[in-house]
Amino acid sequence: RLGTDLRTLRQSLAAVAEFKGEVYGHGDVAGVVRFVAVNESTCLVEGAVQGLVPHGKYAVTVRTYGDTTRGVASTGEVYDCENDENEDENGVDVTGATPAGDLGTVTADANGKATIPSRVVDSRLKVWDVIGRSLAIVGVSGDGEKIPGAAAVLARSAGVGENLKRVCHCDGTVIFESTPDDFKPEKA
């Protein structure tokens, strides 16, 4: 109806994971991480979270499942794209390579805030493949021991008229807004 084809739809996709604190099962973690499809082969990720342990190091990963009922424990392994021929679109063998959903690590500052700088992610990772999965932020101690973290569902974002947006007056950045009523957890 909008005069778009599948290629155009895929190129305009974005996904967002919102961490909203304790009431949503995210502990003290609050913030937003966004994925944006620049085109069919390029995906950008960026975000900012707070409520982390000051100076703590955290792994940021896309997880296989969007089930966050038990936090990170129910999200499955780090997501890795299906690739029957063990090659990416450039013919590079990816057998044994880092899973596409491994987005690296961030370190919280003295106030417990961490920024995921805007960057291109693994070319195997596509926005339309991560929607419905989850994003996990898990603390890693100095000896490699995993510390429980937070996980949020990756939901479709930036649909026509579906997001309240405003432009930051200082630098022109688009800021996605939400209200406290968005995604309210159901009471048992």
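The values are calculated or read from the model by the stated rules, or taken from the named source; none is laboratory data. Computed from a prediction, not measured in an experiment: that's the story for all the values here. Note that we place each Cβ from the backbone using ideal geometry, even for glycine, and neighbour counts take in every protein chain shown. Areas reflect the complete protein model, heavy atoms only, side chains present, ligands, DNA and RNA absent. Shrake-Rupley method; radii C 1.70, N 1.55, O 1.52, S 1.80 Å.
Quick notes
- The single condition from (1) more than 15 Å from VAL33 (Cβ to Cβ); (2) surrounded by fewer than 18 Cβ atoms within 10 Å (Cβ to Cβ); (3) at pLDDT 85 or above that GLY104 fails is (1).
- Matching residues, the stretch 59-83, being open to solvent by 50 Å² or more (accessible area, probe 1.4 Å) and basic (Lys, Arg): ARG70
- Selection status of ASP122, part of a loop (DSSP other than H, G, I, E, B), of a type in the set (Asp, Glu), within 19 Å of VAL45 (Cα to Cα) and at pLDDT 55 or above: yes
- One residue stands out among those in the stretch 13-49 that are of a type in the set (Val, Ile, Thr) and under 22 Å from SER74 (Cβ atoms): the one that is most open to solvent (accessible area, probe 1.4 Å), which is VAL23.
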